[in-house]
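First the structure, in the form of structure tokens, and then the observations on it.
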Amino acid sequence: MTTETHPHTSDGMKVLLLENIHSSAHEFLEENGFEVESLTGALTEAELCEKVRGVQVLGIRSKTLVTPRVIEAGKNLLAVGCFCIGTNQVDLRAAKLSGVPVFNAPFSNTRSVAEMILAEVVMLARQLGDRSREVHAGRWRKVSAGCFEVRGKSLGIVGYGHIGSQVGVLAEAFGMRVIFYDIATRLPMGNNRPCGSLAELLAQADFVTLHVPATTQTHRMIGPEEIARMKKGAYLLNASRGTVVQIPALAAALKGGRLAGAAVDVYPEEPETNSDGFESELRGLSNVILTPHIGGSTVEAQAAIGREVAISLVKYIDAGSTAGSVNFPEVEPALIPGTHRVLNAHRNVPGVLRDINRIVSDMGANILGQVLATDSDIGYLVMDIEREVSEAVSTAMASLPTNLRTRVLY
Ligand code: NAI
């Protein structure tokens with residue numbers, strides 16, 4: 001797909017997809033020349049060590065552990081795709097030091113989370129969770145006290161990234177006034193308005209929705225002081241990370257009537273499996289919507305994840321692009337017609353580039369394009385050189401003591 005002027009490097013390469021990855025990935029990889037084997041379950045370390053030997057690309061979700069032993073066994077492994085958000089299941093450093101980039105799909109479920117937040121804003125304003133529970137229990141409680149339209153109300157978004165800004169767009173369609181606070185300068189969507197501080201946002205918003213990442217700065221970010229700054233009768237929504245909100249402070253504010261409701265999707269401690277029980281001080285409180293970390297869980301998000309990771313893998317295999325990798329320096333080089341591309345991952349020590357450039361110049365070859373990105377451990381180099389000498393150049397590069405991986409693309 002990326003190499004209109006060059007052949008597919010992926011032709012005939014083998015991909016192993018585990019854990020019932022969405023068919024969108026299988027289809028896309030096959031369209032791009034890969035031989036794909038899809039299995040429904042995860043594999044044990046021993047099974048995976050056996051299977052990984054024969055494949056160039058491994059696709060997993062959250063249950064497959066990619067340990068240093070698996071990486072070691074994957075002599076032909078070129079890349080790993082995590083068809084999910086988290087990448088804790090992979091030893092990212094071991095992969096990196098073997099020259100294997102790992103890709104994931106952090107933004108495929110953005111819209112799913114944003115839609116759920118909007119639904120919850122209306123549900124909280126109308127106490128729909130409680131009414132539904134009552135009618136299910138055989139109680140007919142037709143009330144309007146404490147129930148509001150969201151039109152004209154202000155929505156305060158904390159963390160105006162992928163999800164936060166989508167929430168801002170959707171909320172305006174409901175006629176809400178949208179304000180946001182972010183530590184980075186963000187371009188406001190529509191009529192969304194930035195606030196200078198979190199305190200300013202908390203004092204103004206009828207609804208506060210959190211869309212920040214888990215960092216030391218956001219750890220327990222919303223506690224008694226922040227809740228005290230919120231308007232009386234305001235609502236709090238958290239579908240970001242469980243560590244951001246101090247649950248006892250939230251429970252106290254709800255019980256005392258300081259807040260009129262809350263919607264919580266993420267918790268400081270979450271059950272490991274669907275058969276584990278769930279405990280929280282928030283259970284049983286009125287006008288509190290509790291969901292089991294499903295903000296991003298939709299059919300559309302799964303399909304988008306399948307496609308997004310598959311695209312990243314094809315772009316890496318066919319063109320050397322590491323955009324979207326979680327453990328490799330990021331490079332997205334343009335294709336230069338009529339050239340021969342060599343990829344090289346090496347330990348980041350002084351003098352590597354000098355050695356590589358000497359190899360190329362000693363062979364009288366011309367470098368037509370060269371992109372290098374580094375982190376503290378490795379350097380990743382994409383070189384476009386003259387066709388005739390590329391095999392010889394790559395063999396010499398691969399024999400340098402600093403070499404981790406060298407691969408000729410075309
Ligand atoms: P993002 O990285 O696009 O946006 C996060 C924003 O928060 C950035 O603009 C960043 O500058 C800002 N930020 C960071 N620290 C801040 C601070 N101290 N105060 C104010 N702003 C701050 O992330 P994205 O994709 O929008 O995700 C947001 C959160 O949603 C993440 O925590 C993610 O884990 C969570 N999430 C939850 C899902 C669910 O199922 N409930 C699904 C997907 C994401």
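Just so it is clear, none of the values below were taken in a lab; they were calculated from the coordinates. Owing to the predicted nature of the structure, the values given are computational and were not obtained by experimental measurement. Cβ placement follows ideal geometry from the backbone for every residue including glycine, while neighbour counts extend to all protein chains displayed.
Under 30 Å between alpha carbons, and skipping anything fewer than 8 positions from K142 in its own chain: which lysines qualify?
Within reach: K153, K231, K232, K255.
Regarding the stretch 1-135, what whole-number volume in Å³ per residue does the convex hull of its Cα atoms give? Before the final figure, lay out each step's value.
Details: hull volume 20.9 nm³, N = 135.
Roughly 155 Å³ of hull volume per residue.
Under unit Cβ charges (Lys, Arg +1; Asp, Glu -1), what dipole magnitude, rounded to 20 debye, does the stretch 334-410 have relative to its Cα centre? Let's see the in-between values first.
Values: 7 positive and 8 negative charges, 21 e Å.
That gives a dipole near 100 debye.
Could you give the alpha-carbon Rg of the stretch 334-410 over 2.2 N^0.38 Å, rounded to two decimals? The partial results should precede the final answer.
Values: Rg = 11.4 Å, N = 77, 2.2 N^0.38 = 11.5 Å.
Normalised by 2.2 N^0.38 Å, the Cα Rg of the stretch 334-410 equals 1.00.
Determine ³J(HN,Hα), in whole Hz, for all residues of the stretch 181-186 in sequence, where each value follows from phi through the Karplus function 6.51 cos²θ - 1.76 cosθ + 1.60 and θ = phi - 60°; x replaces Gly and Pro.
10, 9, 6, 9, 6, 10
Can you sort H162, H26, H211 from fewest to most other Cβ atoms within 10 Å of each residue's own Cβ? Please report the intermediate quantities before stating the final value.
Values: H162 16, H26 19, H211 29.
By the 10 Å Cβ count, ascending: H162, H26, H211.
Just want the ordering: C147, C82, C195, C49, from fewest to most Cβ atoms lying within 10 Å of their own Cβ. Mind dumping the intermediate values first?
Values: C147 11, C82 26, C195 20, C49 17.
Placing the least packed residue first, the sequence is C147, C49, C195, C82.
Around L236, what is the net charge, scoring Lys/Arg as +1 and Asp/Glu as -1 over all other residues with Cβ under 15 Å from its Cβ? Intermediate results must be reported in sequence, preceding the final value.
Details: positive: K153, R220, R229, K231, K232, R241, K255, R258; negative: E120, D206, E225, E226, D265, E281.
So the environment of L236 carries a net charge of +2.
Which lysines, on any chain, are close to K14 with Cα under 22 Å apart, when same-chain ones fewer than 8 places away are left out?
K51, K63, K75, K96, K315
Pick out, in residue order, every one of the trypsin sites (Lys or Arg not before Pro) in the stretch 131-196 that is DSSP loop and has at most 13 other C-beta atoms within 10 Å; say none if there are none. Walk me through the numbers on the way to the answer.
Numbers: sites: R131, R133, R139, R141, K142, R151, K153, R177, R186; in loops: R139, R141, K142, R151, K153, R186.
Loop-located and lightly packed - R139, R141, K142, R151.
Scan around N104 for amide H atoms under 5 Å from its own, H built in the peptide plane at 1.01 Å from N, and keep only partners 5 or more places away or cross-chain.
Long-range HN contacts for N104: C82, V326.
Set the Förster distance to 22 Å, then compute FRET efficiency between E134 and F278 from the Cβ-Cβ distance, nearest 0.05. Spell out each step's value before the answer.
Numbers: r = 22 Å, r/R0 = 1.00.
With R0 = 22 Å, the Cβ-Cβ based efficiency is 0.50.
Please give me the summed charge of the neighbours of F148: other residues whose Cβ is under 11 Å from its Cβ, Lys and Arg +1, Asp and Glu -1. The partial results should precede the final answer.
On the way: positive: R126, R151, K153; negative: E149, D206.
Summing Lys/Arg as +1 and Asp/Glu as -1 gives +1.
Restricting the count to DSSP beta bridges whose residues both fall in the chain, what percent are antiparallel, rounded to a multiple of 5?
Numbers: 21 of 59 bridges.
The antiparallel proportion sits near 35 percent.
Nearest 20 debye, what's the magnitude of the dipole of the chain about its Cα centre given +1 on Lys and Arg Cβ and -1 on Asp and Glu Cβ? Don't jump to the answer; show the numbers that get you there.
Working: 38 positive and 44 negative charges, 318 e Å.
Charge dipole, the chain, about its Cα centre: 1520 debye, nearest 20.
Which helices count as membrane-span-like in the chain under these terms: full DSSP H, at least 20 Å along the axis by C-alpha, Kyte-Doolittle mean of -0.5 or more? Please list the in-between numbers first.
Working: long enough: 110-126 (25 Å, 0.96); 299-319 (30 Å, 0.67).
Span-like helices in the chain: 110-126, 299-319.
Any idea what the dipole of the stretch 217-325 comes to, in debye rounded to 20, about its Cα centre with Lys/Arg Cβ at +1 and Asp/Glu Cβ at -1? Before the final figure, lay out each step's value.
Numbers: 10 positive and 12 negative charges, 122 e Å.
Value, rounded to 20: 580 debye.
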